[in-house]
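Just so it is clear, none of the values below were taken in a lab; they were calculated from the coordinates. Model, not experiment: these values are computed from the prediction. Quick reminder, even Gly has a Cβ in these numbers, built from the backbone with ideal geometry, and neighbours come from all protein chains shown.
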Amino acid sequence: MKSLLFSRFLLLLPWGLIVILLLETDSSRAPLAPPARPPQQAAPRRPALPPIYAITPTYSRPVQKAELTRLANTFRQVARLHWVLVEDAARRSELVSRFVARAGLPCTHLHVPTPRRYKRPGLPRATEQRNAGLAWLRQRHQHLPPPQPGVLFFADDDNTYSLELFEEMRTTRKVSVWPVGLVGGRRYERPVVENGKVVGWYTGWRADRPFAIDMAGFAVSLQVILSNPKAVFKRRGSQPGMQESDFLKQITTVEELEPKANNCTKVLVWHTRTEKVNLGNEPKYHLDTVKIEV
Ligand code: UDP
Ligand code: MN
């Protein structure tokens with residue numbers, strides 16, 4: 001009985017060895033075979049989005065960090081946005097420097113103080129800071145060959161910006177415009193559009209302005225900024241509320257403006273203003289035992 005089993009085993013052994021050998025060579029060959037891959041399709045080449053440069057003048061006050069936080073939370077969600085923060089100060093403050101380092105978006109931190117004689121009620125604000133932003137942009141791009149895609153807009157630190165606004169301004173060819181909410185003593189101001197062209201202004205304040213529009217109501221292509229190297233915000237001869245008109249006059253005409261936001265019928269940005277905070281109960285003595293940045 002045992003010998004019968006043994007002879008069967010001997011009979012089957014060569015076949016077993018052959019099967020093992022075949023399996024072995026098969027698996028050793030497997031890696032050499034090209035892995036099955038779907039035929040390579042050329043990914044459609046999408047042109048890169050033009051960057052948006054947001055120039056924000058900012059100054060030290062109790063609500064500054066809160067305002068900048070609100071702004072960063074919006075800007076962080078916008079693709080290819082470069083934030084140019086310009087402090088109204090003789091030097092970069094620690095608060096803003098720390099903030100910028102943790103903002104989580106591309107950021108350039110500049111500073112220039114407003115001369116004391118211009119720090120008066122009724123005079124335009126942030127002229128020097130916006131010009132510093134313009135100078136930085138021109139310096140960065142002037143030696144590069146055209147075309148230089150890009151869009152610039154002036155984003156005050158206390159306004160409210162919808163994400164849709166950035167989609168609209170991204171396609172600015174020269175100078176684009178749109179309505180601004182809560183400004184000029186009205187619920188909104190807007191460029192009046194007929195047949196795709198700006199023909200006038202719906203405004204409650206100084207309708208005689210050549211461009212009756214708030215700083216938050218327009219964007220300019222980088223190309224226009226570079227080809228008008230002298231266009232800046234003026235101190236001399238500028239009347240209150242004329243900053244926008246004085247600037248836009250240097251780079252465009254009303255006929256040339258590109259209406260955005262569904263022919264200027266949608267409000268995508270609001271000229272919100274932050275209430276002055278009440279710090280009437282801040283102690284003069286017996287301060288808190290820890291120093292906390294607010
Ligand atoms: N700003 C500034 N220095 C000042 C006052 C204002 O840099 O002395 C900035 C401010 O942070 C804001 C912009 O200039 O980004 C416009 O100022 P504000 O919002 O006070 O003006 P308004 O809303 O009245 O036009
Ligand atoms: Mn404001």
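Between 0 and 90 degrees, the angle of helix 64-75 with respect to the longest Cα principal axis of the chain falls at about 50 degrees. Placing unit charges on the Cβ atoms of the charged side chains and taking the dipole of the chain about its Cα centre, the candidate lying farthest along the positive direction among Leu268, Gln139, Val199 is Gln139. The angle between the Cα long axis of helix 2-29 and the main principal axis of the chain comes to about 30°, on a 0 to 90 degree scale. Two numbers describe the Cα atoms of the chain: Rg and Dmax, which are 31.7, 120 Å.
Take the alpha-carbon centre of segment 183-219, take the same for segment 85-134, and report the distance between them in whole Å. Cα centroid of segment 183-219 versus Cα centroid of segment 85-134: 27 Å apart.
The trypsin sites (Lys or Arg not before Pro) found in segment 196-294 that occupy coil by DSSP, while having at most 12 further C-beta atoms within 10 Å, are Lys230, Arg236, Arg273, Lys276, Lys284, Lys291. With the convex hull constructed from alpha-carbon coordinates only, segment 81-164 shows a mean projected area of 7.4 nm² over all directions.
Cβ crowding within 10 Å, taken as a proxy for footprinting-reagent exposure, orders Val100, Val183 from fewest neighbours to most as Val100, Val183. Near Trp178: Cβ cut-off under 11 Å, other residues only, Lys/Arg at +1 and Asp/Glu at -1. The net charge is -2. Roughly what angle does helix 127-141 make with the longest principal axis of the chain, taking Cα atoms, 0 to 90 degrees, to the nearest 10? Tilt relative to the chain: about 40 degrees. Ranked for footprinting exposure by Cβ neighbours inside 10 Å, fewest first, Thr272, Thr69 give Thr69, Thr272.
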